[in-house]
Every structure is written in structure tokens, then in C-alpha cells.
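The values are calculated or read from the model by the stated rules, or taken from the named source; none is laboratory data. All values derive from a computational prediction rather than experimental measurement. No Cβ is skipped: glycine too gets one built from the backbone with ideal geometry, and neighbour counts run over all protein chains shown. Please note that ligands, DNA and RNA were not included when accessible areas were found on the heavy atoms of the full protein model with its side chains. Shrake-Rupley method; radii C 1.70, N 1.55, O 1.52, S 1.80 Å.
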Amino acid sequence: RKRLSDVKPLAHWLELTQRVVNHYVLTRDAEQSCISCGTMRTVQWEAGHYHSVGSHPEFRFDAININKSCHRCNCELSGNLAMYAIGLEAKWGKAERDRLDGPRPAAKFTREDLAAIRKEFSARTRALKRG
């Protein structure tokens, strides 16, 4: 089993970790509306990033950067970023938005880092579900 996991590329572990973090965000925000448009109805709820994974990989697993979005805002409107910024500031405050907009060192994730992130967010999700 160890040899099989060692053969898998880093992209596999990034995707697996992203699914765990997204599950946490959707559990955390379950009772909230879309951060961008405020709707409570959608085809599918998604974990939308304020700063995209491609342009800012250092924010990929930042729980403040990821919030519940409706499918329309996240996919069809490419995140609806102007309204997302307003919703982000209302939800988390100006200091957190400034932190996300400020400089941040580039991130280079290792398999060990990703395993630790998965463990942390799995524990957070379990704690939320327990209440």
C-alpha cells in the first residue's frame, strides 16, 4: 500500500486534499446563502475561491478564501468576483480581505503537507458535524 501511494503523482494528492477542504467549507457554510449573489437556491452548491487556484496556489487551502457559491456565480460568472469581494468582507471583515489581497509567499506543497492539511480539515468537519 505504501509503494502504491508513493507512485501516485502530487496532482492526485492535491485533488484529494482539495475535496476534503471543499467538503469542510460546504459543511461550515451549509445554512448560509451564496457569498456572491445571496441566493438560497441553486442547481448545485460549490466551494468557490476568491483567489483562484491557478493564479494564487498559496490560497488553495485557505478556508477564508473558499466560501459557498452557487453554480451560476462560480462557473457561469467566473466567480462573480466583484460581488464575492463584498460578501467576503461582510462575512469575514476587512482585515481578512486585506490579508487575502496582500502579499503572500508562494506555496510549494509536499505530500506530507497535504496529508497534514487533510487531517486538519477532516477533524474540523467532524467537529462541525458533532455540533
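Values as computed for the structure displayed
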item	result
Check on residue 107, among the small types (Gly, Ala, Ser) and farther than 18 Å from residue 13 by Cβ	no
Answer from 78, 55, 69 - the residue that is among the small types (Gly, Ala, Ser), at positive phi and not in a helix (DSSP H, G or I)	78
Pair list, Cβ under 6 Å, 6 or more apart: region 57-70 residue touching a residue at least 12 places away in the same chain (Cβ under 8 Å) and crowded, with 18+ Cβ neighbours inside 10 Å, other residue part of a strand (DSSP E or B) and not acidic (Asp, Glu)	65/49; 66/47; 66/49; 68/45; 69/48
Tabulated pairs, region 1-26, first in contact (Cβ under 8 Å) with a residue 60 or more places away in the chain, second outside any helix (DSSP H, G or I) and open to solvent by less than 30 Å² (accessible area, probe 1.4 Å), C-beta under 6 angstrom, 6+ apart or interchain	21/61
In region 83-122, the residues that are of a type in the set (Lys, Arg), modelled with pLDDT of 95 or more and more than 16 Å from the chain's Cα centre (by Cα)	94
Test: residue in region 97-111 that is touching a Pro at 6+ places or on another chain (Cβ under 7 Å) and not charged (D, E, K, R)	yes
Selection count where residues are modelled with pLDDT under 95, surrounded by 15 or more Cβ atoms within 10 Å (Cβ to Cβ) and in contact with a strand residue (DSSP E or B) (Cβ under 9 Å, 6 or more places away or on another chain), scope region 43-56	1
Contacts under 8 angstrom Cβ, first residue in region 104-131 being closer than 19 Å to residue 54 by Cβ, partner outside any loop (DSSP other than H, G, I, E, B) and of a type in the set (D, E, K, R), 6 or more apart	104/58; 105/58; 106/58; 107/58
Residue within region 82-89 that is hydroxyl-bearing (Ser, Thr, Tyr), under 21 Å from residue 120 (Cα atoms) and in a helix (DSSP H, G or I) present	no
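Residues checked against (1) over 21 Å from residue 121 (Cα atoms); (2) under 19 Å from the mean Cα position of the chain (by Cα):
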| position | (1), (2) |
| --- | --- |
| 3 | yes, no |
| 9 | yes, no |
| 13 | no, yes |
| 20 | no, yes |
| 25 | no, yes |
| 28 | no, yes |
| 34 | yes, yes |
| 42 | yes, yes |
